[in-house]
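Take a look at the structure set out below.
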Amino acid sequence: MNKKTTALMRLYSLLERTAAPWPVVCEKGCASCCTTHVTMTTLEGQAILDYLFKAGDKPVPQNQGLGELFRPAITTNGLARCCMERREPPVEQKPDHFNPCPFLEDNACTIYPVRPLGCRVMLSSKRCRAGGYAEMEDYWLTLNQVFLQAVEALDCPGKFGNMSLVLKFLDSGQEEEALLTNEPVPGLMIPREHQEDAGPVLAEINRILAGAMG
Ligand code: SF4
């Protein structure tokens, strides 16, 4: 495993430890958020491809890329940069229709150990099925953004986009114009009221990033 992939796994593990005390109701078999709208970086995509290879060179699921895919118009750090420069971010349109994630089988994730951060940050304090959306504390949202910013920075100058398109790009080696280029962190999006609580997690994130990029 190279340094960046090791750092990615450490960030995943840190998020898991950080979220452990939170009253999350998500559990195996609950897959409302497992759709073709998931986004990720190429570093995360390569970890998935490596996992499939180790599992007997399993192919990337055939239905990838079908249906209406969400194509983000800006990365997380790009959004942070817009905020800092007081500019409006580009308008994003999320298709109303989507398919189940191609890695979902019998309502369970077949790549669970290497699922991307976009899946890991979808934590809900209430059952999503009833209301149709996840409910998260403001502090969770803040930390989720910080982790997304960190993984994007770790994967500079890699790409970011819809999970299916990132996998297609990595698997085929062909350019995919819907993908965006990752950016470094221009500043962290942490509201003043969360700064003290987030301090220890931020320090650990910085240590992980410094170890991989220093
Ligand atoms: S990768 Fe796994 S956790 Fe993520 S959306 Fe797909 S099935 Fe769900």
Checklist entry - Relative contact order of region 87-169: what whole-number percent is it, with Cα pairs under 8 angstrom and at least 6 residues apart? => result 14
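Note down the relative contact order for region 1-111 as a percent, whole number, built from C-alpha pairs under 8 angstrom at least six residues apart. Intermediate results must be reported in sequence, preceding the final value.
Numbers: 77 pairs, mean separation 40.5, N = 111.
RCO, region 1-111: 37 percent.
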Next on the checklist: Using only the alpha carbons of region 91-168, what is the convex hull's orientation-averaged projected area in square nanometres?
Outcome noted: 7.0
Checklist outcome for this item: Partner lysines whose C-alpha sits under 19 Å from that of residue 54, ignoring same-chain residues fewer than 8 away, are 3, 4, 168
Next on the checklist: I want the local charge near residue 35. Using Cβ-Cβ distances under 11 Å, sum +1 for each Lys or Arg and -1 for each Asp or Glu among the other residues.
Outcome noted: 0
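Find the eigenvalues of the gyration tensor of the Cα atoms of region 21-87, then list the square roots of 5 times those eigenvalues as equivalent ellipsoid semi-axes, largest first, in whole angstrom. List each step's numbers first, then the result.
Working: eigenvalues 151, 75, 44 Å².
They are 28, 19, 15 Å, listed from largest to smallest.
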Item to check | Sparse-neighbour loop sites [GluC sites (Glu not before Pro); region 78-117; at most 14 other C-beta within 10 Å; DSSP] | outcome: 85, 92
Checklist entry - How high is the relative contact order of region 3-213, in percent, counting Cα pairs under 8 Å that sit 6 or more residues apart? => result 34
Checklist entry - Which aspartates and glutamates have a Cα less than 14 Å from the Cα of residue 94, not counting those fewer than 8 places away in the same chain? => result 68
Item to check | Within straight-line cross-link reach of residue 28, lysines at Cα separation under 23 Å, skipping those fewer than 8 residues along the same chain | outcome: 58, 126
Checklist outcome for this item: From DSSP H assignment alone, runs of 4+ in the chain each adding -39500 (n - 2.57), the sum over residues rounded to the nearest 500 puts [θ] at 222 nm at -14000 deg cm²/dmol
Checklist outcome for this item: By the Kirkwood definition, with r running over pairs of different Cα atoms, region 140-214 has a hydrodynamic radius in Å of 13.8
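Going highest first, how would you order 149-159, 176-186, 74-84 by mean Cβ packing within 10 Å? Provide the component values of the computation, followed by the final result.
Details: 149-159: 21.7, 176-186: 16.6, 74-84: 19.2.
Averaged packing, sorted descending, gives the order 149-159, 74-84, 176-186.
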Checklist outcome for this item: The value for the chain (convex hull of the alpha-carbon atoms, volume per residue, Å³) is 135
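Each value in this text was obtained by applying a stated rule to the coordinates, not by laboratory testing. A quick note: this is a predicted structure, and the numbers were derived from the prediction, not measured. As a convention, Cβ positions derive from the backbone with ideal geometry for all residues, glycine included, and neighbour counts pool all protein chains shown.
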